[in-house]
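Peer 1: I am attaching a structure below and will ask some questions about it afterwards.
The values are calculated or read from the model by the stated rules, or taken from the named source; none is laboratory data. All values reported here derive from a predicted model rather than from experimental measurement. Cβ placement follows ideal geometry from the backbone for every residue including glycine, while neighbour counts extend to all protein chains displayed. Side chains are part of the model used for accessible areas, which takes the heavy atoms of the whole protein and leaves out ligands, DNA and RNA. Shrake-Rupley method; radii C 1.70, N 1.55, O 1.52, S 1.80 Å.
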Amino acid sequence: VFPPDDYRKELAKIDPQATAADTPGITTKTDGVIRMEGYFGTKSREAMLGLSLHETVHLVSHKPGRSGQKNSSAIGVLGEGLLEGLVETVTTDILMKQKIKLADPSRRGHQKRVPVVQELMTTYGIGTQLLGPVLFRGDSERMFRLMEAAFTTAGWLEIQRLTTSNNPDGAKKRMGELRAAEERAHPGAFAARLKQAGPAVAVPPAVKQASA
C-alpha cells in the first residue's frame, strides 16, 4: 500500500492511461503483486477493505498468483468490462457472506459493469456454476459456446464493448435485442445449451418461455 503520491507514480509505470481516481488498486499477475493506494490521508498506507479484496480476487483468478500473462485468462471470453464486473460481484458476495458491511457504492469498484453481470445471471441463467469455472479454472470454452448460442459471436463482442465502455443500459438493451433475434432464428437452441451445461445449471423462466 502506497501513500497517494507514491501510488500515482507506481500506477503510471504500469498503466500510463490509468488514473488513481478510477484505479485505486492494480494487480500485475506477471509478478504476482497487488499495489493499492492509501485511502486515509496523504501519508496513508491503509487501503479500503473492499477495494483490496477486489484485487485479491484478481490475483487468485486463473492462473492464480504469478503467471506469464498480465490478466486473468477469463478476459478472453469476457472482455475487460465483464471481467471487472464479475470480480466485483465475487468481492461483494464474499463480504456479504462474512457479514461485512458494504462500502457506499461510490467507494466500490466497477459499479456500472456489475449490472451487466447480474443481468447475465438473473435473466439468462449464466450463474456461478458457469462463471466460477471461467474465472478460477480457465474453463472458457463452455461459456463462449453459450454466449454464441444466446447472442451470436459478433453480438457477444458488442456486449463486451458496451460493458467496458461503462454503458450498462446499452449492454442490457442489446442483450435483449440479440437474444430475441437468435430465438426467432434458432428456437430453443439456447435453452438446450443451458441444459447441456450441467444439472446444476438452472434454466430461468424467461428462457424457458422464449423456447416454448
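Peer 1: Could you tally the net charge around residue 196, taking each other residue with its Cβ under 11 Å from the Cβ of residue 196, Lys/Arg +1 and Asp/Glu -1?
Peer 2: Taking every Cβ under 11 Å from that of residue 196, the sum is +4.
Peer 1: Determine how many Å³ per residue the convex hull of the Cα atoms of region 22-97 encloses.
Peer 2: 92
Peer 1: Oh, and also: State the percentage of accessible surface on the chain attributable to carbon and sulfur atoms; use a 1.4 Å probe and exclude ligands, DNA and RNA.
Peer 2: 54
Peer 1: A further question follows. List every residue whose amide H lies under 5 Å from the amide H of residue 47, counting only residues 5 or more places away in sequence or on a different chain, with H placed 1.01 Å from N in the peptide plane.
Peer 2: Residues meeting the amide H criterion: 39.
Peer 1: Could you give the dipole magnitude of the chain about its Cα centre, charging the beta-carbon of Lys and Arg +1 and that of Asp and Glu -1, in debye to the nearest 20?
Peer 2: 340
Peer 1: Looking at region 1-41 from every direction and averaging, what is the projected area of its Cα convex hull in nm²?
Peer 2: 2.7
Peer 1: Restricting things to alpha carbons, tell me how big the chain is in terms of Rg and Dmax, in Å.
Peer 2: Reported Rg and Dmax, both Å: 18.3, 61.
Peer 1: Same structure, new question: Placing +1 at every Lys and Arg Cβ and -1 at every Asp and Glu Cβ, with all other atoms neutral, what dipole size does region 87-159 have around its Cα centre, in debye to the nearest 20?
Peer 2: Using only the charged Cβ atoms, the result is roughly 400 debye.
Peer 1: Next up: So, by mean Cβ neighbours within 10 angstrom, what's the order for 159-166, 92-99, 121-128, 59-66 with the highest one leading?
Peer 2: 159-166, 121-128, 59-66, 92-99
Peer 1: May I ask you to derive the FRET efficiency for residue 107 and residue 33 from their Cβ-Cβ distance with R0 = 25 Å, giving the value to the nearest 0.05?
Peer 2: 0.60
Peer 1: To continue, here is another question. Give, rounded to the nearest 20 debye, the magnitude of the charge dipole that region 24-146 has about its Cα centre when Lys and Arg contribute +1 at Cβ and Asp and Glu contribute -1 at Cβ.
Peer 2: 220
Peer 1: Still on this structure: Of 70/173; 70/112; 63/101; 112/173; 13/101, which sit over 26 Å apart, Cα to Cα?
Peer 2: 70/173; 63/101; 13/101
Peer 1: Checking the cross-link filter: which aspartates and glutamates have an alpha carbon closer than 17 Å to that of residue 43, excluding same-chain neighbours under 8 positions apart?
Peer 2: Those aspartates and glutamates meeting the cut-off are 5, 6, 10.
Peer 1: Next question, about the same structure. Give me the 1.4 Å probe accessible area per residue for the chain, excluding ligands and nucleic acids, in Å².
Peer 2: It amounts to 53 Å² per residue over the chain.
Peer 1: Related question: Counting each pair of different Cα atoms once, what's the Kirkwood radius of region 89-192 in Å, rounded to one decimal?
Peer 2: One over the average 1/r among Cα pairs gives 14.8 Å for region 89-192.
Peer 1: Another question, then. Can you name the helices of the chain, as whole DSSP H runs, whose Cα span along the helix axis is 27 Å or more and whose Kyte-Doolittle mean is not below 0.5?
Peer 2: Answer set is 75-97.
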